[in-house]
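Only one structure is covered here, and it is reproduced in the block below.
The values are calculated or read from the model by the stated rules, or taken from the named source; none is laboratory data. The structure presented is a predicted model; accordingly, all values stated were derived computationally and were not measured. FYI the Cβ positions are ideal-geometry reconstructions off the backbone, even for glycines, and counts take in every protein chain you see. Note: areas computed on protein heavy atoms with side chains; ligands, DNA, RNA excluded. Shrake-Rupley method; radii C 1.70, N 1.55, O 1.52, S 1.80 Å.
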Amino acid sequence: MNGVHDLGGLDGLGAVDPPPEEPVFYSEWEKRVFAMFVPALSAGINLDQFRHGIERMHPVEYLAGRYYEHWLHTIEGGLVERGIIDEQELEERTRHFLENPDAPLPEVENAEQTDAFLQVYKAGASTRRESDTEPRFAAGDQVRVVNINPTGHTRSARYLRGKTGVVERVYEAFVFPDTNARDEGENPEPVYSVRFDAAEVWGADGGGERHTIYFDLWEPYLESA
Amino acid sequence: MTTTPQTGSPPPVAGRFAASDAEVAARVKALESLMIEKGMMTEQAVDRIAELYEREVGPHNGARIVARAWTDPEFKQRLLEDATSACAELGIGGAQGEDMVVVENTDDVHNAIVCTLCSCYPWPTLGLPPNWYKYPAYRARMVKEPRAVLSDEFKLNLPDDQEIRIWDTSAEVRYWVLPQRPPGTEGLSEEELAVLVTRDSMIGVGVVPEPKG
């Protein structure tokens, strides 16, 4: 979707303003939302659906919300959509904890489940897949990013659609986000690292700078140029 | 002449935005309590997972890899050919680093990473990303005016003839930067070198400083 998340090249957002030091988590709630990531994936929200849930936030909320509010939004939305959690119950429970912030959480132990979660963080879960399909492009090929504007999830960024670049590397096949986000299957497709000149992307003067952008694109996002 | 009323104009977007910290905290606690009741997680899991990223996984991991690459040319070659396997030699890997690629800084080329679509970042070697990496300004500007971002925001002034390569990590490959070894470090051990390596130098918004004194 052509959403607010697709930020490449947007002007007017102000300074980056990096602080010298930052804690890993600013507050207890940030920590708790972070830790819901793998449990949410385990509940059936795949990585692309997780991202798409964030992309569907209202642009104002997306830009103004703190980072882990994005995660909160997609986890609660995903669980409600799947009927795992009832929205009304979540609202009532929220009011309860607003009035009683120190009320305890249910005491449940499940060491086996905790170990299984930790194993996912430690071992990872690659989305690279075996595929018999021969990649259509090779390193050195000129390619153009096709002009698509799907309303669902995609990892083809707007700032590169219609632009021409050169294939730098050919990777193996990875789960295709567009279909995976719609529960229409993993449909693994080869991924290419494609090199773009700033002048191709931002105009003859490269937006006033000379640099190179490397962007990874799944095969359906590309055509020969 | 009629006057236009200045109040009562409906807002352009519906919704109640910018929740307070207390409101978000209550909502998180509500969600967590429901997830616990449904057997999806426990408080203990939250604590253990958070602890992993507060204590074990962080940029010190990437720094160890960089220091090894600076002192062991064969390791460096393996790192540039297959970063995931090379990192695994030091027991480093995991979620959001399943398929890593390391790009090398040289006198001619300076690399930096960004994720314009979300906040992809190599967790196993760099830890969780800082807020500025995840927030709109860096993501928007880094692909369009990286030289200005580096000089204005990170006080990193690169030579005009050094090419800047921006790796927009849009798919599932996680890139990070092998910074240049600073001068004045010839006599240092691998452990001493690792202490010098900064997170920012592995993102590409900094370089490794020369040792003090």
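If N is the number of residues in the range B:2-203, what value comes out of its Cα radius of gyration divided by 2.2 N^0.38 Å?
On the way: Rg = 21.7 Å, N = 202, 2.2 N^0.38 = 16.5 Å.
Here the answer is 1.31, to two decimals.
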Taking both sides together, what accessible area is buried at the B/A interface, probe 1.4 Å, expressed in Å² and rounded to the nearest 100?
8500
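Could you do me a favour and compute the accessible area per residue for chain A, 1.4 Å probe, result in Å²? Provide the component values of the computation, followed by the final result.
Working: 10590 Å² over 225 residues.
Per residue, chain A has 47 Å² of solvent-accessible surface.
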If you find the alpha carbon centre of the range A:75-103 and of the range A:127-179, how far apart are they in angstrom?
38
Using label points projected 7 Å from each Cα along Cα→Cβ, tell me how many nm separate B:Asp152 and B:Val195, to one decimal.
3.7
Give the residue from B:Trp167, B:Ala25, B:Leu79 lying farthest towards the positive end of the charge dipole for chain B; charges sit on Cβ (+1 for Lys and Arg, -1 for Asp and Glu) and the dipole is referred to the Cα centre.
B:Ala25
Contact order relative to length for the range B:2-203, counting C-alpha pairs under 8 Å separated by 6 or more residues, stands in percent at 25
Is any residue of the range B:18-41 close enough, with backbone N under 19 Å, to a label point placed 7 angstrom from the Cα of B:Asp47 along the Cα-Cβ axis, and if so, which?
B:29-30, B:32-37, B:39-41
A:Glu172 and A:Val146 label points (each 7 Å along its Cα→Cβ direction) are spaced in nm at 2.5
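Based on the Cβ-Cβ distance from A:Arg182 to B:Gln77, what FRET efficiency comes out when R0 is 30 Å, to the nearest 0.05? Show your work: numbers first, answer last.
Values: r = 42 Å, r/R0 = 1.39.
That pair, A:Arg182 with B:Gln77, gives E of 0.10.
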Ranked packing of A:215-221, A:184-190, most packed first, by mean Cβ within 10 Å:
A:215-221, A:184-190
What fraction, in whole percent, of alpha-carbon pairs in the protein assembly as shown exceed 34 Å separation?
34
Name the most mobile residue of B:Glu145, B:Glu172, B:Glu43, meaning the one with the largest mean-square fluctuation, in a Gaussian network model of chain B with Cα contacts below 10 Å.
B:Glu43
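Using a 10 Å cut-off around each Cβ of peptide A:110-122, what is the average number of partner chain Cβ atoms that fall inside? Please list the in-between numbers first.
Details: counts 7, 4, 0, 6, 9, 2, 1, 7, 6, 1, 3, 11, 8.
Counting other chains' Cβ atoms within 10 Å and averaging over A:110-122 gives 5.
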GluC sites (Glu not before Pro), restricted to the range A:15-100: which are DSSP loop and have at most 16 other Cβ atoms within 10 Å?
A:Glu21
Shielding of B:20-26 by partners, i.e. mean partner chain Cβ atoms within 10 Å per residue?
6
Could you state the principal axis extents of the C-alpha atoms in chain A, from the largest down, to the nearest angstrom?
61, 45, 33
If the cut-off is 28 Å between C-alpha atoms, which lysines fall inside it for B:Lys134, apart from same-chain ones fewer than 8 positions away?
A:Lys31, A:Lys122, A:Lys163, B:Lys29, B:Lys144, B:Lys155
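What length, rounded to one decimal in nm, is gained on full extension from A:Ala225 through to A:Glu92, with 0.36 nm per residue of separation minus their alpha-carbon distance? If you can, show how the numbers build up before the last one.
Working: separation 133, 0.36 × 133 = 47.88 nm, distance 5.59 nm.
Value of the extension gain: 42.3 nm.
Please compute the average number of Cβ atoms from other chains found within 10 Å of each residue's Cβ in peptide B:89-96. Before the final figure, lay out the partial values.
On the way: counts 0, 0, 1, 0, 3, 8, 10, 5.
Mean shielding by partner chains, rounded to a whole number: 3.
Counting every Cα pair in the range A:148-190, what percent are over 11 Å apart? List each step's numbers first, then the result.
Working: 646 of 903 pairs.
So the pairs more than 11 Å apart make up 72 percent of the total in the range A:148-190.
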Using the heavy atoms of the protein chains alone and a 1.4 angstrom probe, what is the accessible area of chain B per residue in square angstrom?
43
Between B:Asp160 and B:Glu89, what is the spin-label point distance in nm, taking each point 7 Å from the Cα along the Cα→C-beta axis?
4.1
